[in-house]
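The values are calculated or read from the model by the stated rules, or taken from the named source; none is laboratory data. In this text, all values refer to a predicted model and were calculated from it rather than measured experimentally. Backbone-built Cβ (ideal geometry, glycine too); neighbour counts: all protein chains shown.
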Amino acid sequence: MADARFYDCLGRVGRPGAGSLAWTMLHNRGLWMLTSHRIAHFCVRRRDARSPAWWIARLCKSFGAGFNVIFCRSQLAEDCEIDGAAYLSDQGYLFCGALSIGAGSLIHNRCTFGQKVAGGGAGRPTLGKDVWIGPDCVIAGSLTVGDGATVLPGSVLTFSVPPRAVVKGNPARIVRTNFDNSGLRRSLTIVPDVATDTL
Amino acid sequence: MTAAFIADLRRCGDFDQGGGAAWRLFAYSYGLHALFAYRLGRWLLRARAKCYLWPLLPVCWPIYYLLSRCVWVAYDIRLELSADIGPGFYIGHFGAIRVRRCQIGANCSIGHLTHISAAADGRGPVVGDRVWIGAHARIIGPHRIGSHATIGAATVIQGDVPEGVLCLGNPARLVIRNYDNRRILGLREEVQSQTHNAAAS
């Protein structure tokens, strides 16, 4: 549930001098969302082994869904596989019905993944490792976003994105291939300078 | 109000996969909670014309304001009373939904982060029957959306939309004529005829 990689995303939210670890956790709603998702995910994955821990998690899960809606303003599919060290924005309005989100990806607010959040079904995208997804993006349909891809703000994807590509627009188009987004993922700027300058 | 809200309930029940209890379906239908407050407010607006209902008003208006405020704060769905929404309305999710100063027909469906409102001059859009409006869509200004039209996710409407088409993109482009949106609306044939009867009676 809360593996060692989970604490990596604390490093992402905590600026130097931002205060204690507890203070950082208290102020980052993306982390609340991630925590309640991990509890729900634990319930769904370990459905066969019903230990006391499972029952406690099951109890927390039933509160967690409403908690995510009211306090974090987002919904995540319970069976979505979020690898550790993924950073979800704390601004809310994330509707995540993705099948999986890779490690090291940074996802901004107001994004929609998948055609349905609850109940599974078709049309669920797969996000690779180290992707950067800007605010107000829509990724609906069974698409794949390759490792290290960059989806600029306001894009609506209609095709699978190859690894390390940059896409933007509605409907989306590829504006650059083989782009290194590690600089983008290190900061939390919404409209990246590198994109406005050179793309 | 009651007939319209029962039609909303039926629309909501159409999405029942048979997996859980009915109370669970309605407890987690955030749009239904917003619609309840909206239908109550619209009923109170019309109740002002009937003098035998006047004793109810000082009690019910505070209830309406409390409910709509709770829905606004908890789910961020704002269905304002200046909007005229037909029966059988379905709100797919919660979050940053603004519906004001517009006219929406029967059996429509909208997604999250959708804005349907008037432009600065105060003239609002007119949406026909059985229209599916996807998430992140923007319909702002005096546009007419024809019946049975489908407006895809993140579409920004900047003009009139004819009947029965599928629009996508920013600015919106006509992609398919005669697109059948019955499946994505989740309408069942028998339920639709029932809601028509409810709206007519």
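Filter segment A:120-165 for residues that are hydroxyl-bearing (Ser, Thr, Tyr) and in a loop (DSSP other than H, G, I, E, B) and give the result. Result: A:Ser142, A:Ser155, A:Thr158, A:Ser160.
Okay, residues lined up against (1) surrounded by 10 or more Cβ atoms within 10 Å (Cβ to Cβ); (2) in contact with a Ser or Thr (Cβ under 7 Å, 6 or more places away or on another chain); (3) within 14 Å of chain A (Cβ to nearest Cβ):
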| site | (1), (2), (3) |
| --- | --- |
| B:Ala4 | yes, no, no |
| B:Arg10 | yes, yes, no |
| B:Leu32 | yes, no, yes |
| B:Leu40 | yes, no, no |
| B:Trp43 | yes, no, no |
| B:Arg46 | yes, no, no |
| B:Leu53 | yes, no, no |
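When each of B:Arg130, B:Arg144, B:Arg138 is tested for being in contact with a helix residue (DSSP H, G or I) (Cβ under 8 Å, 6 or more places away or on another chain) and not acidic (Asp, Glu), the lone residue that passes is B:Arg130. Filter segment A:131-162 for residues that are free of Cβ contacts under 8 Å to residues at least 40 places away in the same chain and among the aromatic types (Phe, Trp, Tyr) and give the result. Scanning segment A:131-162 gives a single hit, A:Phe159.
Test A:Ala103 against the stated conditions and say whether it is without any contact (Cβ under 8 Å) to a residue 24 or more places away in the chain, in contact with a Gly (Cβ under 9 Å, 6 or more places away or on another chain) and more than 14 Å from chain B (Cβ to nearest Cβ). Here the answer is no, as A:Ala103 does not meet what is asked. Reported count of residues in segment B:122-155, each being of a type in the set (A, V, I, L, M, F, W, C), assigned to a strand (DSSP E or B) and crowded, with 18+ Cβ neighbours inside 10 Å, is 7. Of all residues in segment B:108-122, those satisfying the criterion of being at pLDDT 90 or above and touching a Lys or Arg at 6+ places or on another chain (Cβ under 9 Å) are B:Cys108, B:Ser109, B:Leu113, B:Thr114, B:His115, B:Ile116, B:Ser117, B:Ala118. Going through (1) under 17 Å from the mean Cα position of the chain (by Cα); (2) surrounded by fewer than 21 Cβ atoms within 10 Å (Cβ to Cβ) one by one, B:Ala74 falls short only on (1). Screening B:Tyr90 on (1) surrounded by 20 or more Cβ atoms within 10 Å (Cβ to Cβ); (2) over 27 Å from B:Gly186 (Cα atoms); (3) among the hydroxyl-bearing types (Ser, Thr, Tyr) shows it passes everything except condition (2). Within segment A:50-69, restricting attention to residues that are away from chain B (no Cβ under 14 Å) and exposed (fewer than 14 other Cβ atoms within 10 Å of the Cβ), the residue that is nearest to A:Asp90 (Cα to Cα) is A:Leu59.
Cβ separations smaller than 6 Å between residues 6+ apart or across chains give the following pairs from segment A:86-98 residues that are more than 14 Å from every other protein chain (Cβ to nearest Cβ) to residues that are hydroxyl-bearing (Ser, Thr, Tyr) and part of a loop (DSSP other than H, G, I, E, B): A:Ala86/A:Ser105.
Taking the stated definitions as given, is A:Asp83 away from chain B (no Cβ under 14 Å), surrounded by fewer than 19 Cβ atoms within 10 Å (Cβ to Cβ) and either within 14 Å of the chain's Cα centre (by Cα) or more than 20 Å from B:Arg24 (Cβ to Cβ) (or both)? Judged against the criteria, A:Asp83 is a match.
Residues that are touching a helix residue (DSSP H, G or I) at 6+ places or on another chain (Cβ under 7 Å), touching a residue at least 60 places away in the same chain (Cβ under 8 Å) and either of a type in the set (Val, Ile, Thr) or more than 14 Å from every other protein chain (Cβ to nearest Cβ) (or both) do not occur anywhere in segment A:108-130. Of the residues examined, B:Tyr52 is one that is aromatic (Phe, Trp, Tyr) and over 13 Å from B:Met1 (Cβ atoms). Any residue at all in segment A:157-178 that is in contact with a strand residue (DSSP E or B) (Cβ under 8 Å, 6 or more places away or on another chain) and among the aromatic types (Phe, Trp, Tyr)? Within segment A:157-178, none of the residues are in contact with a strand residue (DSSP E or B) (Cβ under 8 Å, 6 or more places away or on another chain) and among the aromatic types (Phe, Trp, Tyr). The one condition from (1) closer than 26 Å to A:Phe67 by Cβ; (2) polar (S, T, N, Q); (3) within 13 Å of chain B (Cβ to nearest Cβ) that A:Ser155 does not meet is (1).
Among the residues of segment B:159-183, those identified as loosely packed, with under 14 Cβ neighbours inside 10 Å, within 14 Å of chain A (Cβ to nearest Cβ) and either within 23 Å of B:Arg100 (Cα to Cα) or under 19 Å from the mean Cα position of the chain (by Cα) (or both) are B:Pro171, B:Arg183. Restricting attention to segment A:71-89, the residues that are in a loop (DSSP other than H, G, I, E, B) and more than 16 Å from B:Ala74 (Cα to Cα) total 9.
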